[in-house]
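So the structure is just underneath, and the comments pick up after that.
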Amino acid sequence: MEEALKISMTHRKIKQIDHLKFGNDIASLPLFCSPASDLSSLVNQYRNDLSNLLNVHAPVLTRSITGRPHSPWYTDQLRDLKRNKRSSERNWLSTGLQVHKLIFMETSKVYYDALENAKQCYYRDKISNSDQRKLFKFIDGLFKPQGVSTLPTHTSSLDLANRFMAYFSGKVNNLRSGMEYPTIQLSRASLPVPSTCTFSEFGLVTQETVRTVILNSPPKSCSLDPLPTSLLKVFIEKISAPIASIVNLSLSSGDFPVSLKHGLVIPRIKKESLNPEILKNYRPITNLPFLAKTLERLAATQLNQHLSTNGLYSEMQSAYRANYSTETALVRVCNDINMALDIHEEVILVLLDLSSAFDMIDHEILITRLADSLGIRGTVLRWIKSYLYNRTQSIVIGDVQSVISPIDCGVPQGSVLGPMLFSLYVSPIEGIIQSHGLQPMLYTDDAQMYITFKKSDRSIAMDRLSYCAQDVMSWMVNKLVCNASKTEVVHFSSRFLLRDPIPEITLNGDVIESSPAARDLGVSLDHYLKMSTRVNDLCRTATLALKRISRIRRYLNSTCCEQLVHAFVSSRLDYCNSLLIGLPDKEISKIQRIQNSAARLVTKTKKRDHITPILRKLHWLTIDKRIVFKVLIITYKALHGLSSKYISDLLTLKRSSCILRSNYQDSLKLETPTFKTKNYGGKAFSVCAPRLWNDLPRDLRNSPSLETFKRGLKTYLFNQ
């Protein structure tokens, strides 16, 4: 028999730390008694003092474990019960007496009952005490096939880490060296702003602000942290003072601490279906110290305030902004397409793919754009320069790190400030697209443009699209590369008209053919905008999630099961479900069957039991009402300044020439645009939202807050 593999593991007993003693020892650290006066020394003091203290209270322990499948619910008590069961079994087999058989059956029942109870307690505790991120990780690990590697085959972790480092660094260098254009700035890419829109000094932060930001931050930790984030949050009342000092020293001096510029990069496979042996199938995710991300959050808050107050954000950029999302972006795009198809026009949508977008940002171009176009000057600009320059990274495979490599361009994926800076970097694309009469929509590195036209004007529209594509490619002198092989084109037309194919589109010398459907921000859009592809994708993924939950249903109570259903099924059914408004009943019924199965799984009811009482007991809205609920929530937000401007622009308040009390009370009624076809114009947000909104009771429309409106709307729809 093959001997089980022994594995050496290191760990700390964090949960066994005496919090009272640990807190007293924190107060006596030099970090509090005699803090350093300069930024670099203070950061080093923070890291060294807290790290040394953790080593005293929870030193690193090493133990050897047997490499066999681990059952976390299996306790010493269960082990004793199993030993007793096996003993009684051997006794019965040796004697053959009926009394010994009965004893064996009884001990078996006790063991299996205890085992079942242990599993139930384990799953319930895990599910009830996990946030969304931990819940997804727990369930994925639970059902992931054993023995399936998410890393290339290797004999040395160090060699693999160095291979990844060479690949990621070489990929960016090859893309940049292969550019044909000189590094220049196009005139339209730099727009001066009035001097009143400058932002040159950060404001100082208080301990209370630091405490609030840290407590509201995700509980993620990095191996570079001196304390686990969970432990830091426990003692935040004490530790917020030195953190606030570090933040204020950094922001006031325009210097980002050097020791916080190093990132640990973890290769993550892009899709589980991809070949794990091919390095290009991996995405580099940077893990940064928690203190670095806290500093970024506090700086990003002030930077965001400057950009929002002065209207400096790109209007059609939907990422990393309050009240903007993938759903608002898709609602606007689909609205424009539906309204065009309603009047028998056609639409061409181009979904651009930028290669290694975050890693390709040129620091000099970004700094110039921040200063010239966005009014960022002085200490703020100096701080951003310090944040960008002289960064380093290393690849992590298990407990092994690769050689340290400098970063000459790009922003780290996994940082707080990086996505915001990337959005500002690519913001000129919007103006370029609009200058050709096309409509842009941006979501970080997902850039798309579309043009509507009459069939008789197709050749003119194709020329405009071609010129626009050329200008966008010319703008790529800003050290970005468009990946033509992943760029998609969809030609939308009414299904009631004869469809003529469009010519091929040339993008930077590569020919791109129109596709019958494409995935836009996670939603499949077909060329007739019937949304049937989206419905089928939704049902497939939701069904798979439901089957996974059903495999452990016996160990869950109703509350835990419902929590899992909401996390893995309802969340999928609700994602961008406002796009499904007006679909035929046969499509909605497909999704409704998924919800019915989920309700039966939660309540353990039979397949033939009538579903309506079950849904009412759970207080779940049916799928058609959930769609209406989402549309009306977006409408309420748009009317109260809680949504993107491009959504608010689709709605117009109804005006009356007569000043009557009834007109005043119905001041929040909306104009409903005219449309020709129910299948297109009737599904557009600018049409269906006013119709649904005006049908609501007056008191509900006049709700004073979003939460009040949500509660009232759900009750209203539930009682219909």
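The values are calculated or read from the model by the stated rules, or taken from the named source; none is laboratory data. Every value quoted in this text rests on a predicted model; they were computed, and no experiment measured them. Here the Cβ positions follow ideal geometry from the backbone for every residue, glycine too, while neighbour counts run over all protein chains shown.
Screening Gln470 on (1) crowded, with 16+ Cβ neighbours inside 10 Å; (2) modelled with pLDDT under 90 shows it passes everything except condition (1). Each residue in region 222-273 was checked for being in contact with a strand residue (DSSP E or B) (Cβ under 9 Å, 6 or more places away or on another chain) and surrounded by fewer than 17 Cβ atoms within 10 Å (Cβ to Cβ), and 4 of them qualify.
Determine whether Tyr46 is assigned to a loop (DSSP other than H, G, I, E, B), out of contact with any Gly (no Cβ under 9 Å at 6 or more places or on another chain) and surrounded by 14 or more Cβ atoms within 10 Å (Cβ to Cβ). I'd like the intermediate steps shown before the answer.
Numbers: assigned to a loop (DSSP other than H, G, I, E, B): no; out of contact with any Gly (no Cβ under 9 Å at 6 or more places or on another chain): yes; surrounded by 14 or more Cβ atoms within 10 Å (Cβ to Cβ): yes.
In short, no.
Which ones in region 540-554 are surrounded by 13 or more Cβ atoms within 10 Å (Cβ to Cβ) and touching a residue at least 40 places away in the same chain (Cβ under 8 Å)?
At the first step, the residues of region 540-554 found to be surrounded by 13 or more Cβ atoms within 10 Å (Cβ to Cβ) are 541-546, 548-550, 552-553.
Answer for region 540-554, where residues must be surrounded by 13 or more Cβ atoms within 10 Å (Cβ to Cβ) and touching a residue at least 40 places away in the same chain (Cβ under 8 Å): Ala542, Thr543, Leu546, Arg548, Ile549, Ser550, Ile552, Arg553.
The single condition from (1) without any contact (Cβ under 8 Å) to a residue 60 or more places away in the chain; (2) under 24 Å from Glu345 (Cβ atoms) that Pro440 fails is (1). When the residues of region 500-521 are narrowed to those that are at pLDDT 90 or above and assigned to a loop (DSSP other than H, G, I, E, B), which ends up surrounded by the fewest Cβ atoms within 10 Å (Cβ to Cβ)? Within region 500-521, the match that is surrounded by the fewest Cβ atoms within 10 Å (Cβ to Cβ) is Pro516.
Residues of region 29-38 that are in a helix (DSSP H, G or I) and either touching a Leu at 6+ places or on another chain (Cβ under 9 Å) or not hydrophobic (A, V, I, L, M, F, W, C) (or both): Pro30, Leu31. Give region 277-300 a look and list any residue that's modelled with pLDDT under 95 and acidic (Asp, Glu), or say none. Residue satisfying the conditions is Glu277 alone. Say we look at region 555-585 and pick out the residues that are buried (at least 18 other Cβ atoms within 10 Å of the Cβ) and among the charged types (D, E, K, R); which of these is nearest to Phe685 (Cα to Cα)? That would be Arg572.
Looking only at region 106-118, decide whether some residue is part of a loop (DSSP other than H, G, I, E, B) and without any contact (Cβ under 8 Å) to a residue 12 or more places away in the chain.
As a first pass, look at region 106-118 and keep what is part of a loop (DSSP other than H, G, I, E, B): none.
Checking region 106-118: not a single residue is part of a loop (DSSP other than H, G, I, E, B) and without any contact (Cβ under 8 Å) to a residue 12 or more places away in the chain.
Just to be sure before I move on: is Ser578 out of contact with any Asp or Glu (no Cβ under 8 Å at 6 or more places or on another chain) and of a type in the set (Gly, Ala, Ser) in the structure I sent?
Working: out of contact with any Asp or Glu (no Cβ under 8 Å at 6 or more places or on another chain): no; of a type in the set (Gly, Ala, Ser): yes.
Spelling it out, it is not the case that Ser578 is out of contact with any Asp or Glu (no Cβ under 8 Å at 6 or more places or on another chain) and of a type in the set (Gly, Ala, Ser).
Conditions tested, residue by residue: (1) outside any loop (DSSP other than H, G, I, E, B); (2) among the polar types (S, T, N, Q); (3) at pLDDT below 70.
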| site | (1), (2), (3) |
| --- | --- |
| Gln146 | no, yes, yes |
| His154 | no, no, no |
| Ala161 | yes, no, no |
| Ser169 | yes, yes, no |
| Pro192 | no, no, yes |
| Glu201 | no, no, no |
| Leu204 | no, no, no |
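All of Ser41, Ser94, Ser64 fail the test of being modelled with pLDDT under 90, small (Gly, Ala, Ser) and in a helix (DSSP H, G or I), apart from Ser94.
Is it true that Ala542 is over 27 Å from Trp73 (Cβ atoms) and either in a helix (DSSP H, G or I) or in contact with an Asp or Glu (Cβ under 6 Å, 6 or more places away or on another chain) (or both)? Against the criterion (over 27 Å from Trp73 (Cβ atoms) and either in a helix (DSSP H, G or I) or in contact with an Asp or Glu (Cβ under 6 Å, 6 or more places away or on another chain) (or both)), Ala542 qualifies. Taking the conditions (1) hydroxyl-bearing (Ser, Thr, Tyr); (2) part of a helix (DSSP H, G or I); (3) more than 26 Å from Leu54 (Cα to Cα) in turn, Ser250 satisfies each one other than (3).
Okay, residues lined up against (1) within 30 Å of Ile432 (Cα to Cα); (2) part of a strand (DSSP E or B); (3) modelled with pLDDT of 90 or more:
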site	(1), (2), (3)
Gly263	no, yes, yes
Ser273	no, no, no
Gln302	yes, no, yes
Leu307	yes, no, yes
Ala319	yes, no, no
Tyr324	yes, no, yes
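Counting only helices (runs of 4 or more DSSP H) that fall entirely inside region 326-427 and contain at least 2 residues that are surrounded by fewer than 19 Cβ atoms within 10 Å (Cβ to Cβ), at pLDDT below 90 and of a type outside the set (Phe, Trp, Tyr), the qualifying elements are 363-374.
Return yes or no: is Leu135 surrounded by 13 or more Cβ atoms within 10 Å (Cβ to Cβ) and at pLDDT 90 or above?
Details: surrounded by 13 or more Cβ atoms within 10 Å (Cβ to Cβ): yes; at pLDDT 90 or above: no.
Here the answer is no, as Leu135 does not meet what is asked.
Put simply, of Val411, Val416, Val403 the only residue that is in contact with a Leu (Cβ under 7 Å, 6 or more places away or on another chain), β-branched (Val, Ile, Thr) and touching a residue at least 12 places away in the same chain (Cβ under 8 Å) is Val411.
Can you find a residue in region 568-580 that is closer than 30 Å to Pro501 by Cα and in contact with a strand residue (DSSP E or B) (Cβ under 9 Å, 6 or more places away or on another chain)? Among the residues of region 568-580, at least one is closer than 30 Å to Pro501 by Cα and in contact with a strand residue (DSSP E or B) (Cβ under 9 Å, 6 or more places away or on another chain), which makes the answer yes. Among the residues of region 666-701, the one identified as among the polar types (S, T, N, Q), surrounded by fewer than 21 Cβ atoms within 10 Å (Cβ to Cβ) and modelled with pLDDT of 95 or more is Asn694.
Per-residue answers, yes or no, for (1) surrounded by fewer than 18 Cβ atoms within 10 Å (Cβ to Cβ); (2) among the small types (Gly, Ala, Ser); (3) in a helix (DSSP H, G or I); (4) touching a strand residue (DSSP E or B) at 6+ places or on another chain (Cβ under 9 Å):
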| residue | (1), (2), (3), (4) |
| --- | --- |
| Leu442 | no, no, no, yes |
| Tyr450 | no, no, no, yes |
| Ser459 | yes, yes, yes, no |
| Leu498 | yes, no, no, no |
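Keeping to region 634-649, report how many residues are closer than 16 Å to Leu670 by Cα and part of a helix (DSSP H, G or I). Let's see the steps before the verdict.
Going residue by residue through region 634-649, those that are closer than 16 Å to Leu670 by Cα are 634-641, 647-649.
From what is left, the residues that are part of a helix (DSSP H, G or I) are 634-639, 647-648.
Residues in region 634-649 being closer than 16 Å to Leu670 by Cα and part of a helix (DSSP H, G or I): 8 in total.
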